[in-house]
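What follows draws every value from the coordinates through simple rules; no lab data is involved. Being a predicted model, the structure only gives us computed values, none of them experimental. Reconstructed Cβ throughout: ideal geometry from the backbone, glycine too, with neighbour counts over all protein chains shown.
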Amino acid sequence: MDQEKRNREMDEAKALYLRCQLDRAFPVFQKYAQAGDGEAMYFLGEYYSQGYGHVEQDTKRGAEWRKKGAIAGDVLAQLNTAYNLPGDDPGRQAIPKVVFPEILRRAEAGDVFAQNELPDMYYYGIGTEKNVDKAVEWLEKAGANGFWRPLNKLGEMYYYGEGVPADEEKAAAYFEKAAALGYGDAEANLAMCCYAGKKKNLTRAVSLLRRAFAHGALFARDAANILGIFLLEGKGVKKDEKEAFEWLKRSAELGSPAGMNHLAVCYERGIGTAPNEAKAEEWCRRAADLGHAEAAVQYGIYQREKGHNKLAMRYFRQSAEMGNADGQTWLASCFLFGIGAKEDREEARKWLEKAAAQQNENAVKLLKEELGIDWKGTEK
């Protein structure tokens, strides 16, 4: 290997990475990782583990590259390989203790990638004593060097009040800095501040969500789902059911349970597309199987209508146990009328009261009409 050429190209790739030009840097890291370069393996591990740029997230593949980088002697890869070990594995604490001095030395010498790794070590007490103040300090140093990842992390800490007092304005300021560098996840986070925060700006939220999707954000599927909803409702953008359908379809195809559920509704009601019962049911099932409570209720209804009562009950129970009031009411109806289950009025009452406590009108009605209970607004 031509070491001088390798150093030049890797330095250029790291500079691109820092400027958030992730797709341009990736081929260089991939080239040298495949040639056995430990540092390049570390970066490749980051891409696959985090789903950076337009690289599809694959945590297993990311762990494999980190392990290869660790074996090749890269200390950052060794640290991240420790994170992939089971919680009871001695190496999970032993390896970080060994590499901590070298990572600290590099960070103090100005290595921004080492600076980026130190905060988690201090925040969680991995390889060193827990020190949240130092975690924030190193995030700020790495952020001051123009690194989008610590800037976004600082934004998340201030937004959710993790280790620091919650401060939406500070959070938005950090998201703004990371978004200005083109980091898709920061754009999605900033959009969240715009549509759910104190200073609402739905028009800007739409623009940021479009950018986040284009930049291949890890949360692109969620950005596409929110965009679809905004287009359906005309929030911050002109109402457009056909475009909404396309965004919801993108979200669903990327694996968003919420996107799948909304796409199912579009197919069922013919919103932005021709009605298609088969596709509505299929997307509803896929969302339900990924744990979407509303979709589980609707898929249960589909099965009840077909006479598949035991299958319907299974999905009603799934939704009910997740706390969904409609799911609880439908499950109660199974016990109340002996549909898909043996009649059990006490079990029916239990689920109806849970739903009624959430102000579900159908549950209140069934309690009164079928069990003679006049719901007073307190769960028994």
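Relative to the dominant Cα principal axis of the chain, helix 168-180 is inclined by about 60°.
For K368, give me every one of the lysines with a C-alpha distance below 24 angstrom, ignoring sequence neighbours fewer than eight places off in its own chain. Output for K368: K342, K350, K354, K376, K380. Relative contact order, whole percent, for the chain stands at 6, derived from Cα pairs under 8 Å and 6 or more residues apart. Helices in the chain, meaning DSSP H runs of at least 4 residues, each add -39500 (n - 2.57). Divided by all residues, the mean residue ellipticity at 222 nm is -23000 deg cm²/dmol. Between the listed residues M41, A188, L331, the Cα displaced farthest toward the positive end of the dipole of the chain, a dipole computed from Cβ unit charges relative to the Cα centre, is found at L331. For N276, the residues whose amide H sits under 5 Å from its own are E268, G270, ignoring neighbours fewer than 5 places away on the same chain, with H placed 1.01 Å from N.
The alpha carbon centroids of region 324-343 and region 73-134 are separated by 52 Å.
The three principal axes of the C-alpha atoms in region 142-281 carry coordinate ranges of 52, 25, 24 Å, sorted with the longest axis first. Each of H54, H262, H215 has some number of other Cβ atoms within 10 Å of its Cβ, and from fewest to most they run H54, H215, H262.
Around the Cα centre of region 1-84, unit charges on the Cβ atoms of Lys, Arg, Asp and Glu (plus for the first two, minus for the last two) sum to a dipole of about 120 debye. Note on the chain: dipole from Cβ charges, positive end direction compared against Y159, F29, A355; the farthest Cα belongs to A355. Note on E156, E294: ascending count of other Cβ atoms within 10 Å places them as E156, E294, the fewest first. Projected onto the charge dipole of region 206-280 (+1 at Lys/Arg Cβ, -1 at Asp/Glu Cβ, origin at the Cα centre), which of I226, H215, H262 gives the Cα projection farthest towards the positive end? The one lying farthest along the dipole's positive direction is H215. When Rg and the Kirkwood radius Rh are both evaluated on Cα atoms of region 87-145, their ratio Rg/Rh stands at 0.99. In the structure shown, do any of K199/K235; K31/K68; K242/K306 have a Cα-Cα gap over 19 Å, and if so which? With Cα atoms farther than 19 Å apart: K242/K306.
Around the Cα centre of region 55-206, unit charges on the Cβ atoms of Lys, Arg, Asp and Glu (plus for the first two, minus for the last two) sum to a dipole of about 180 debye.
Panel note: the C-alpha atoms of region 147-218, placed on their principal axes, show extents of 32, 27, 17 Å (largest first). Applying both filters, DSSP loop and at most 10 other Cβ atoms within 10 Å, to the GluC sites (Glu not before Pro) of region 161-215 eliminates every site. Cβ crowding within 10 Å, taken as a proxy for footprinting-reagent exposure, orders V55, V132 from fewest neighbours to most as V132, V55.
Between 0 and 90 degrees, the angle of helix 22-34 with respect to the longest Cα principal axis of the chain falls at about 70 degrees. Compared with the alpha-carbon gap, the fully stretched path from N131 to N7 is longer by 41.2 nm at 0.36 nm per residue. Over the chain, what portion of Cα pair distances is larger than 36 Å, expressed as a whole percent? Here the tail beyond 36 Å accounts for 40 percent of pairs. Under a model in which nothing but the beta-carbon of Lys, Arg (+1) and Asp, Glu (-1) is charged, the chain shows a dipole of about 480 debye around its Cα centre. Relative to the longest principal axis of the Cα atoms of the chain, the long axis of helix 91-108 makes an angle of roughly 50 degrees.
Using per-residue counts of other Cβ atoms within 10 Å, averaged over each peptide, order 247-258, 60-71, 302-313 from highest down.
247-258, 60-71, 302-313
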